[in-house]
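Laboratory data are not the source of any read-out in this text; all were calculated from the coordinates shown. All values derive from a computational prediction rather than experimental measurement. Cβ: placed from backbone, ideal geometry, glycine included. Neighbour counts: every protein chain shown.
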Amino acid sequence: MKILLFVIAVFSFATREEVRYHWDRLFAHWFPTGSAPEQWFNPAISWQNKYFENDLLTFIFSTLLVWTTDFSHSLMFIFLNSIFMIFLLITEKGKKWWQYLIMLAVLNLAWGFVFELTMGIFGALSGI
């Protein structure tokens, strides 16, 4: 199981890097400019998917549900959760499946909190 999670983690991370930094090499041919799926797959425009006229929706989709807004964030979600599960399977042996899900949720919330805090600090420092 840990080896499969490792392969999934590496595959999702490599795919995310390909999408973000080499869009024109492969993915642009699969999702041409102006096609409906391009809005979700192309990171040059998909970042807009998390922003709404409603501030509450923007907050929810730019934090808790950001992984649903575009392909790049979905791949990062898969990558992180694969790594988190490897960590949990190594350190927390013999738990029930639902206990792993709870621990996985806690790790995701902790990651999100520290990430948002760090981004807030960077944002504040950019005004210096």
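Points worth noting:
- Cα-based equivalent ellipsoid of the chain: semi-axis lengths in Å, sorted from largest, via gyration tensor: 28, 22, 14
- Charge dipole (the chain, unit charges on Cβ, about Cα centre) - positive-most of 49, 101, 71: 101
- With a Förster radius of 35 Å applied to the C-beta separation of residue 101 and residue 17, the computed FRET efficiency comes to 0.80.
- Degrees separating the helix 2-21 axis from the principal Cα axis of the chain, which is the longest one: 20 degrees
- Restricting segment 1-105 to chymotrypsin sites (Phe, Trp or Tyr not before Pro) that sit in a DSSP loop and have at most 16 other Cβ atoms within 10 Å of their own Cβ leaves 51, 52.
- 0 to 90° range, to nearest 10: angle between helix 71-91 axis and the chain longest Cα axis: 10 degrees
- Loop sites in segment 1-73: GluC sites (Glu not before Pro), DSSP, at most 13 other Cβ within 10 Å: 53
- Computed [θ] at 222 nm, helices only, for the chain once each DSSP H run of length n ≥ 4 contributes -39500 (n - 2.57): -22000 deg cm²/dmol
- Loop-located trypsin sites (Lys or Arg not before Pro) in segment 1-107, at most 15 other Cβ atoms within 10 Å (DSSP): 93, 95, 96
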